[in-house]
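The values are calculated or read from the model by the stated rules, or taken from the named source; none is laboratory data. Quantities reported herein were computed from a predicted structural model and do not represent experimental measurements. FYI the Cβ positions are ideal-geometry reconstructions off the backbone, even for glycines, and counts take in every protein chain you see.
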């Protein structure tokens with residue numbers, strides 16, 4: 001797996017060396033986000049097309065070092081080539097949907113149609129789908145129709161989750177880097193060079209992009225970036241959950257619960273998206289409407305800076321991943337309950353702190 005170093009270095013250097021020029025072009029062409037909206041935390045013009053370079057760096061590195069000749073098994077090679085075909089074609093579609101939204105805007109319904117179309121291509125044509133729950137709630141193999149709907153739902157949720165958390169400098173990029181790195185290590189240990197290369201190519205691009213996107217950001221990734229990240233991460237997550245481990249010798253990989261690990265890696269995007277959709281549904285507003293009720297906004301509201309907020313969320317995400325790896329030998333349903341309860345407990349902390357702050361002045365009076 002030494003070639004993964006080349007994959008990472010290639011995507012990292014492409015993004016690192018190209019982003020300054022992209023920033024200049026975006027400023028010249030006035031492709032930037034103006035301050036003014038109450039949800040926006042920046043106070044100056046910032047380019048919004050950083051997703052272009054994330055997409056380019058990831059796809060270039062993945063294509064350049066694509067490991068199609070690392071196996072003598074013709075069936076395995078053909079499967080790898082099919083995966084490459086469907087992954088790149090759906091990435092192109094999702095990327096251009098994001099670019100259009102960044103430049104002139106796209107109606108939520110049209111974006112949802114694109115998500116469904118991409119999901120159907122990956123589920124029905126590429127056969128990248130969840131076929132088993134691996135013992136969660138006592139369920140193992142699920143029927144084909146249920147597999148299709150669950151997989152399609154997973155694609156849409158994960159892609160939109162990364163789109164929704166892109167609200168602070170470095171947040172979506174950092175969470176995406178953690179997720180892609182975790183998935184890349186898992187696939188490398190499992191002996192899958194194709195999925196490992198895809199994950200590591202994305203992690204290299206995101207680490208370089210964070211140099212320009214961490215607070216105070218010089219460039220935003222926009223929808224073209226968050227949709228690209230979300231789609232790749234969703235593919236990696238579903239591939240991992242449905243991975244056949246029968247031929248794997250690595251005992252660590254064999255003992256890790258695949259769905260629990262995948263959900264732990266995606267814990268912040270999933271918990272925040274679930275919470276915000278429930279919150280909006282209770283209030284009778286569209287789940288796709290914008291507001292300042294995300295967890296990262298709540299952390300800002302209690303007095304944290306953007307840097308401190310994103311670092312805290314990075315740490316929480318890593319802690320949850322570590323927790324999932326420590327639950328190797330317990331029941332999958334119990335492990336899910338532990339992970340979910342821990343994540344929800346973390347999610348309540350900013351609300352508890354804000355409540356205590358509001359109560360303190362009254363007590364002093």
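Some notes on this structure:
- Residue check for residue 100: under 24 Å from residue 213 (Cβ atoms) and free of Cβ contacts under 8 Å to residues at least 40 places away in the same chain: yes
- Test: residue 281 is part of a helix (DSSP H, G or I) and exposed (fewer than 14 other Cβ atoms within 10 Å of the Cβ): yes
- Only one of the listed residues (165, 142) is surrounded by 15 or more Cβ atoms within 10 Å (Cβ to Cβ) and more than 21 Å from residue 54 (Cα to Cα). That residue is 142.
- Meets criteria (assigned to a helix (DSSP H, G or I) and under 21 Å from the mean Cα position of the chain (by Cα)) for residue 137: no
- Considering residues of region 174-194 that are within 15 Å of the chain's Cα centre (by Cα) and touching a residue at least 60 places away in the same chain (Cβ under 8 Å) only, the residue farthest from residue 268 (Cα to Cα): 184
- Residue 141 vs. criteria without any contact (Cβ under 8 Å) to a residue 60 or more places away in the chain and touching a strand residue (DSSP E or B) at 6+ places or on another chain (Cβ under 8 Å): yes
- Subset of region 243-277 [in contact with a helix residue (DSSP H, G or I) (Cβ under 6 Å, 6 or more places away or on another chain), over 19 Å from residue 233 (Cβ atoms) and either crowded, with 17+ Cβ neighbours inside 10 Å or at pLDDT 85 or above (or both)]: 253
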